[in-house]
Amino acid sequence: MKNRAFRYIDACRAEMLDLWREIVNMESGSDNIEGVNALADKLLGAFADAGARTRKIEFENAGSIALGVFPGGEKPPVLLSGHMDTVFKSGEVEKRPFTVRDGIAYGPGVLDMKGGIVAALFVARALKVAGYDERPIKLLFAGDEENAHRNSRAADVFMKEAEGCAAAFNCETGSIDNSVVVARKGMANFKVVVHGVAAHAGGDPERGRSAILEMAHKIIDLQSLTQRGEGTTLNVGTIEGGTVVNAVPGRCEIAVDVRFVDPSVLPKLKTRVDDVLAKTYVDGTTTELVDFAPRFQAMNTTAGVEKLFALWKEASEENGFGTPAPVLSGGSSDAAYLVLAGVPTLCATGVKGGKNHSPEEYAVVDSLFERAKLIIATILKLDALDA
Ligand SMILES: [Zn+2]
């Protein structure tokens, strides 16, 4: 079975590369809903051609979810998941379309994570052609992961579709060092607005109350809430304030990103943030906390995740793909929701490369075929999860 599936992957190399090129060259920035939906339609067509039942789950203000289910036997299904959207604005494809140089592929989303989508589809196709009929195989791709499903219910859909699955592989950005993600930090965001009193900087400075000065003090206090030991970090990512150089600024706003390992730290952190904001440095300013809320759950290393990692490691070593290390990633992903649904999940099982979210993003072409084979080999071991 395994050898037949591997041979199919080898035979499909050109076709896999063609699909990779085709979908990297389709603009699908998270905000480009039309583009994401066109990609969803393209993939749903490919799933259906390969024998899957398909469903498109649409949202008013976000890209659709593409779902394909390849029928199988009585055992619980396997889930291969990820996302179709990228962080890039429209026009990026024209600037740097999919190209391959010296075995390395470039292009927007080539690593994060259009390569993973191609790998997932061909895992399903190879298993089907090889006669695998033990478990249904589900393919599930979100259209708005890069903006944390802000305008959709995609996280709920992921939890619902994952329910009852034997295992899940989130085919995200794979690491060049061969590691695989067994835990991810969660993310929360909030904004802070300081209201001061605007005044002429030359004629009337005493009447002014600088919102920027007040915020400057608060930024230092907020950043120092970082607790590296427990894995909680704060980052003031953006700042906006003032209107012109010759006026005392009447308003300043910041946006803050919080990463955490354990969600139970959030209420405590919120109290500390409230304390920071309650202290006033510049008399006459007032401070407001806006939208303190979790955006992404953390992915926890459950016993099921550990068992699935052991199978992945065994499959990797048996097939000459090296010894992978299990790692905690500070970045968030939908793997968190799959684990919350009770499903043993590995993340970052997609193509290997680096520099995602940047114009230097790259992926190793051979890792497309390697990862497809490794996922196949691990799926063929899943019975051991129940043991
Ligand atoms: Zn991604």
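Rule-based calculations on the coordinates, nothing more; no lab input. Please read all numbers here as calculations on a predicted model, not as lab measurements. Note that we place each Cβ from the backbone using ideal geometry, even for glycine, and neighbour counts take in every protein chain shown.
Summing charges over all other residues whose Cβ lies under 11 Å from the Cβ of Glu361, with Lys and Arg as +1 and Asp and Glu as -1, gives 0. Mean-square fluctuation check for the chain, GNM, Cα pairs under 10 Å: which of Ser90, Ser332, Ser152 is largest? Highest fluctuation among the options: Ser90.
For the chain, take the longest principal axis of its alpha carbons; what is the angle in degrees between that and the long axis of helix 2-11, to the nearest 10 within 0 to 90? In the chain, helix 2-11 runs at an angle near 70 degrees to the longest axis. Between 0 and 90 degrees, rounded to the nearest ten: what's the tilt of helix 115-129 against the longest Cα principal axis of the chain? Once rounded, one gets 20 degrees. Lysine pair count for the range 186-296 (Cα-Cα distance under 15 Å; residues 8 or more apart in sequence or on different chains): 5. For the pair Lys279 and Thr243 in one chain, pulling the backbone fully straight at 0.36 nm per residue adds 10.5 nm over the alpha carbon distance.
Just so you know, the Cα atoms of the range 186-296 work out to an Rg and Dmax of 15.2, 52 Å.
Highest GNM mean-square fluctuation among Val180, Val36, Val273, for the chain modelled with Cα contacts below 10 Å: Val273. In the chain, the longest principal axis of the Cα atoms and the axis of helix 303-318 are about 50 degrees apart. Each residue of the chain gets 144 Å³ once the volume of the Cα convex hull is shared out per residue. Taking the chain as a Gaussian network, where each spring joins two C-alpha atoms under 10 Å apart, which residue of Ile375, Ile239, Ile57 fluctuates the most? Among Ile375, Ile239, Ile57, the largest mean-square fluctuation in the Gaussian network model of the chain belongs to Ile239.
Straight-line reach from Lys75: taking Cα to Cα under 28 Å and skipping same-chain neighbours fewer than 8 places apart, the lysines in range are Lys2, Lys56, Lys128, Lys138, Lys160, Lys307, Lys313, Lys373, Lys381.
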